[in-house]
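To start, the structure under review is shown below, and the notes come after it.
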Amino acid sequence: MTSGTPTSESASRTDTFECTLESVPQSARRARHLATSCLADWGWGPDTQLSLSAALIIGELTANAVVHGHADDTSATFHFRMRLIPADEGRSVTTLRIDVTDSDTRQRPRLGDASLEARSGRGLLLVAGIADRWGCDDNSPSGKTVWAELAAPKEPDPPSGRSSAGASMSSPGRR
């Protein structure tokens, strides 16, 4: 099940995208694709810092929702929302807010202390390192929302060093 609803309120330029996805491994990839497509529609292309950072955070939070985010007796879906919050809403900079809501209240996310040999446990460390802020809100009894925020440039980033044919252009120090 995938449903997506982009919304835009032109009065204060609040852009929102949200959808519900099945709790299956492919959903993390699907959420990243939906998010980068939406950000491109908002003016931040797939090679911009905002889009790359958001894709990594969304991948980690949605993968966690798939693996850890549903109680055995609930439907296996999660809700994903991305909202661009203008600086004039009590913030000093425009902020991209990412929310992933699942149905499990038993497990709250916590930063792992993964050993070098561990196969998992590093995702939230990446989120914490990239996001400006992150946290978890309890939505008892219906679940929890894990969120992250990124400062968004006032204007979308200029295109990266790619030619119109899509080939990488050389940059200093690269061959």
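Every number in this text was worked out from the coordinates using simple rules, so none of it is lab data. Model, not experiment: these values are computed from the prediction. Heads up, the Cβs are rebuilt from the backbone with ideal geometry, glycines too, and the neighbour counts pull from every protein chain shown.
A few points about this structure:
- Ordered by the count of other Cβ atoms within 10 Å of each Cβ, fewest first, Glu22, Glu60, Glu149 give Glu22, Glu149, Glu60.
- Per-residue Cβ neighbour counts within 10 Å put Ile85, Ile58 in the sequence Ile85, Ile58, beginning with the fewest.
- 3J(HN,Hα) couplings calculated from phi for region 44-61 with the Karplus curve 6.51 cos²θ - 1.76 cosθ + 1.60 (θ = phi - 60°) are, in sequence order, 10, x, x, 9, 7, 4, 4, 5, 5, 5, 4, 4, 5, 5, 4, x, 5, 5 Hz; Gly and Pro show x.
- Counted residue by residue at 0.36 nm each, then reduced by the alpha carbon distance between them, the extension gain from Leu111 to Leu126 reaches 4.5 nm.
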